[in-house]
1. For the chain, compute the orientation-averaged projected area of the C-alpha convex hull (one quarter of its surface), in nm².
2. Send over a whole-number figure in Å² for the accessible area per residue of the chain, probe 1.4 Å.
3. What percentage of the solvent-accessible surface of the range 1-58, computed with a 1.4 Å probe over protein heavy atoms, is contributed by carbon and sulfur atoms?
4. Between GLU60 and ARG18, how many nm apart are label points set 7 Å from Cα along the C-beta direction?
5. What distance in nm separates the two pseudo spin-label positions at SER8 and LYS53, each 7 Å out from Cα along the beta-carbon direction?
Amino acid sequence: MTNSNSKSKKEAKEALDRFKMEVASEIGVNLKDGYNGDLTSAEAGSVGGYMVKKMIKRQEEAMSQGK
(Lines give C-alpha, C1' and ligand atoms only; values in the text may rest on other atoms or scores of the structure.)
Protein backbone atom coordinates (compact mmCIF):
# COMPACT_ATOMS: atom_id res chain seq x y z
CA MET A 1 0.00 0.00 0.00
CA THR A 2 1.34 3.44 -0.94
CA ASN A 3 1.26 6.04 1.77
CA SER A 4 0.03 9.57 1.14
CA ASN A 5 3.52 11.06 1.52
CA SER A 6 4.99 9.07 -1.37
CA LYS A 7 1.90 9.83 -3.45
CA SER A 8 2.38 13.55 -2.77
CA LYS A 9 6.06 13.31 -3.74
CA LYS A 10 5.16 11.57 -7.00
CA GLU A 11 2.53 14.20 -7.84
CA ALA A 12 4.98 17.01 -7.03
CA LYS A 13 7.67 15.45 -9.23
CA GLU A 14 5.21 15.05 -12.10
CA ALA A 15 4.08 18.67 -11.76
CA LEU A 16 7.69 19.87 -11.73
CA ASP A 17 8.48 17.78 -14.82
CA ARG A 18 5.47 19.28 -16.66
CA PHE A 19 6.61 22.77 -15.65
CA LYS A 20 10.15 22.02 -16.84
CA MET A 21 8.86 20.85 -20.23
CA GLU A 22 6.64 23.94 -20.51
CA VAL A 23 9.56 26.27 -19.79
CA ALA A 24 11.88 24.43 -22.18
CA SER A 25 9.29 24.76 -24.92
CA GLU A 26 8.84 28.48 -24.23
CA ILE A 27 12.55 29.21 -24.53
CA GLY A 28 13.17 26.87 -27.46
CA VAL A 29 15.23 24.17 -25.74
CA ASN A 30 14.65 20.68 -27.15
CA LEU A 31 14.02 18.91 -23.85
CA LYS A 32 12.63 15.40 -24.00
CA ASP A 33 11.56 12.74 -21.51
CA GLY A 34 14.47 10.67 -20.32
CA TYR A 35 18.10 11.31 -21.13
CA ASN A 36 19.04 14.84 -22.23
CA GLY A 37 22.83 14.51 -22.33
CA ASP A 38 22.90 16.16 -25.74
CA LEU A 39 21.99 19.54 -24.22
CA THR A 40 24.71 22.07 -23.63
CA SER A 41 25.32 23.35 -20.13
CA ALA A 42 23.96 26.72 -21.23
CA GLU A 43 20.71 25.16 -22.49
CA ALA A 44 20.19 23.10 -19.35
CA GLY A 45 21.03 26.07 -17.15
CA SER A 46 18.68 28.35 -19.04
CA VAL A 47 15.78 25.98 -18.37
CA GLY A 48 16.49 25.91 -14.64
CA GLY A 49 17.09 29.65 -14.47
CA TYR A 50 13.89 30.47 -16.31
CA MET A 51 11.94 28.07 -14.08
CA VAL A 52 13.17 29.96 -11.01
CA LYS A 53 12.33 33.30 -12.64
CA LYS A 54 8.77 32.15 -13.39
CA MET A 55 8.28 30.70 -9.89
CA ILE A 56 9.40 33.97 -8.30
CA LYS A 57 7.09 35.96 -10.56
CA ARG A 58 4.12 33.71 -9.70
CA GLN A 59 4.85 34.00 -5.98
CA GLU A 60 5.15 37.79 -6.17
CA GLU A 61 1.81 37.96 -7.99
CA ALA A 62 0.18 35.72 -5.40
CA MET A 63 1.59 37.81 -2.55
CA SER A 64 0.40 41.06 -4.12
CA GLN A 65 -3.10 39.56 -4.34
CA GLY A 66 -2.98 38.54 -0.68
CA LYS A 67 -2.91 34.79 -1.34
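The values are calculated or read from the model by the stated rules, or taken from the named source; none is laboratory data. Just so you know, these numbers come straight off a predicted model, no measurement behind them. Cβ: placed from backbone, ideal geometry, glycine included. Neighbour counts: every protein chain shown. Only protein heavy atoms, including side chains, enter the accessible area calculation; ligands, DNA and RNA are left aside. Shrake-Rupley method; radii C 1.70, N 1.55, O 1.52, S 1.80 Å.
1. 6.2
2. Values: 5430 Å² over 67 residues.
In whole numbers, the chain has 81 Å² accessible per residue.
3. On the way: 2520 of 4520 Å².
Percent of accessible area from carbon and sulfur atoms in the range 1-58: 56.
4. It is 2.6 nm.
5. Roughly 3.2 nm, to one decimal.
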